[in-house]
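One structure is given below, encoded as structure tokens.
The values are calculated or read from the model by the stated rules, or taken from the named source; none is laboratory data. All values derive from a computational prediction rather than experimental measurement. Every residue, glycine as well, gets a Cβ built from its backbone with ideal geometry; the counts of neighbours run over all protein chains shown.
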Amino acid sequence: MEKTALQQEIRRLLRERHAILLAHYYERAEVQETADILGDSLALSMEAAKTDAEVIVFAGVHFMAESAAILSPEKTVLLPRADAGCPLADMIAPADLARAKQEHPGAAVVTYINSSAAIKAQSDICCTSSNAVRIVNSLTDVGEVLMVPDGNLARYTARLTDRRIIPWPGHCPVHHDLTPEAVGRAKALHPEAAFAAHPECRAEVLEMADFVGSTAGIIRFAVASPRREIILGTETGVIAQIARIAPEKVVIPASDRLACRTMRLTTLEDIRDALVQTRHVITVPEAVAGPARRALERMLAVS
Ligand code: 13P
Ligand code: SF4
């Protein structure tokens with residue numbers, strides 16, 4: 001079926017099912033165009049918590065749909081691709097976190113939203129890439145902070161706060177693979193360009209950036225920057241949104257490997273099928289969802 005016809009069919013199905021389609025900026029452009037709400041992890045979790053739709057279709061990866069199911073347990077949450085996971089979220093197991101908590105008694109556990117429900121359930125508070133500094137600063141009377149599972153985000157946050165942060169040795173393969181050499185080459189080719197990077201990039205790359213922020217932050221920076229050329233240090237899905245708002249901008253990916261395989265899995269056909277067949281329903285047992293919800297709601301209260 002042709003793209004526009006599929007998009008129209010999805011919009012009709014969404015109306016019939018009293019459903020809402022949430023999509024992350026890393027999704028395919030045609031999926032982004034079809035969404036009710038397009039956003040970064042924080043904006044999408046806020047929307048999932050407050051929507052009055054009966055069904056939430058999440059065009060994103062598993063932890064995003066799982067967070068929606070935790071925040072809105074009375075809603076049906078659908079993940080169109082069951083195989084859309086996040087390798088970073090898989091870099092910490094519940095038993096490992098339990099052991100780390102024993103090794104650092106008294107440490108506050110700040111958990112990046114890119115994590116499983118079982119990890120969130122063992123945490124004091126969640127954060128996203130757009131509020132990590134604010135979340136850590138909001139913690140009073142804590143000595144150490146155990147920040148999981150993204151080591152680069154933890155080290156970046158440590159630089160901007162005066163807290164003692166213990167980083168977990170996890171990373172996002174997409175952002176961590178971006179090297180300072182690749183950024184240097186892009187800068188040499190485009191000397192007038194500004195460089196914007198996601199805090200999941202390694203510290204040496206972040207040091208080279210004119211701006212560091214979440215996907216929504218990077219989009220805002222690119223649109224508002226007086227520079228026409230922007231070198232991009234995040235997943236290239238954001239280019240579609242920058243082009244919609246500011247078509248005059250020239251966005252140059254800092255490397256040709258900035259694509260998240262799992263974020264790109266979801267097609268319009270998958271979304272249509274998810275609505276027709278009510279699949280794949282994401283649920284979290286209340287014993288895990290309860291404590292995970294407390295960590296997520298604490299984050300939303302500070303955001
Ligand atoms: P945002 O917090 O910018 O949405 O990032 C999510 C993510 O998965 C980054 O890789
Ligand atoms: Fe996970 Fe990285 Fe993909 Fe984001 S870009 S969903 S952190 S693998």
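Odds and ends about this structure:
- Residues of segment 93-112 that turn out to be out of contact with any Lys or Arg (no Cβ under 7 Å at 6 or more places or on another chain) and crowded, with 24+ Cβ neighbours inside 10 Å, as a count: 2
- Segment 249-277, residues that are within 15 Å of R11 (Cα to Cα) and either acidic (D, E) or more than 20 Å from the chain's Cα centre (by Cα) (or both): L268, E269, D270, R272, D273, A274, L275, V276
- Filtering segment 161-174 to residues that are more than 12 Å from A203 (Cβ to Cβ) and either within 23 Å of the chain's Cα centre (by Cα) or of a type in the set (S, T, N, Q) (or both) leaves T161, I165, I166, W168, P169, G170, C172, P173, V174.
- Tabulated pairs, segment 260-275, first in contact (Cβ under 8 Å) with a residue 60 or more places away in the chain, second small (G, A, S) and more than 11 Å from ligand 2 (Cβ to nearest atom), C-beta under 6 angstrom, 6+ apart or interchain: T266/A59
- The set of residues in segment 270-286 that are aliphatic (A, V, I, L, M) and either within 16 Å of ligand 2 (Cβ to nearest atom) or part of a loop (DSSP other than H, G, I, E, B) (or both) comprises I282, V284.
- Residues located in segment 190-207, provided they are within 25 Å of A240 (Cβ to Cβ), out of contact with any Ser or Thr (no Cβ under 8 Å at 6 or more places or on another chain) and without any contact (Cβ under 8 Å) to a residue 40 or more places away in the chain: E192
- Residue identified as over 29 Å from A95 (Cα atoms) and out of contact with any strand residue (DSSP E or B) (no Cβ under 8 Å at 6 or more places or on another chain) among E192, E181: E181
- Which listed residue, of I10, I20, I92, is more than 14 Å from the chain's Cα centre (by Cα) and within 16 Å of ligand 1 (Cβ to nearest atom): I92
- Being surrounded by fewer than 24 Cβ atoms within 10 Å (Cβ to Cβ), over 27 Å from I113 (Cβ atoms) and away from ligand 1 (no atom under 14 Å from the Cβ) is a property that P167 lacks.
- Residue in segment 113-123 that is surrounded by the most Cβ atoms within 10 Å (Cβ to Cβ), counting only those that are within 30 Å of Q277 (Cα to Cα) and away from ligand 2 (no atom under 15 Å from the Cβ): K120
- Count of residues meeting criterion [over 20 Å from the mean Cα position of the chain (by Cα) and touching a residue at least 40 places away in the same chain (Cβ under 8 Å)] in segment 134-145: 2
- Among the residues making up segment 248-269, a single one is more than 16 Å from ligand 2 (Cβ to nearest atom), surrounded by fewer than 19 Cβ atoms within 10 Å (Cβ to Cβ) and within 20 Å of L44 (Cα to Cα): T267.
- The helices (runs of 4 or more DSSP H) located wholly in segment 124-216 that include 2 or more residues which are small (G, A, S) and within 16 Å of ligand 2 (Cβ to nearest atom) occupy 151-160.
- Those strands (runs of 3 or more DSSP E) lying entirely in segment 26-90 with at least 1 residues in contact (Cβ under 8 Å) with a residue 60 or more places away in the chain and surrounded by fewer than 19 Cβ atoms within 10 Å (Cβ to Cβ): 76-78
- Residue under evaluation V142, criteria (1) away from ligand 1 (no atom under 14 Å from the Cβ); (2) β-branched (V, I, T); (3) modelled with pLDDT of 95 or more, criterion not met: (3)
- Single match in R227, R257, R264 (criterion: in contact with a strand residue (DSSP E or B) (Cβ under 9 Å, 6 or more places away or on another chain) and in a loop (DSSP other than H, G, I, E, B)): R227
- One residue from A82, A23 being more than 20 Å from E200 (Cβ to Cβ) and among the aliphatic types (A, V, I, L, M): A82
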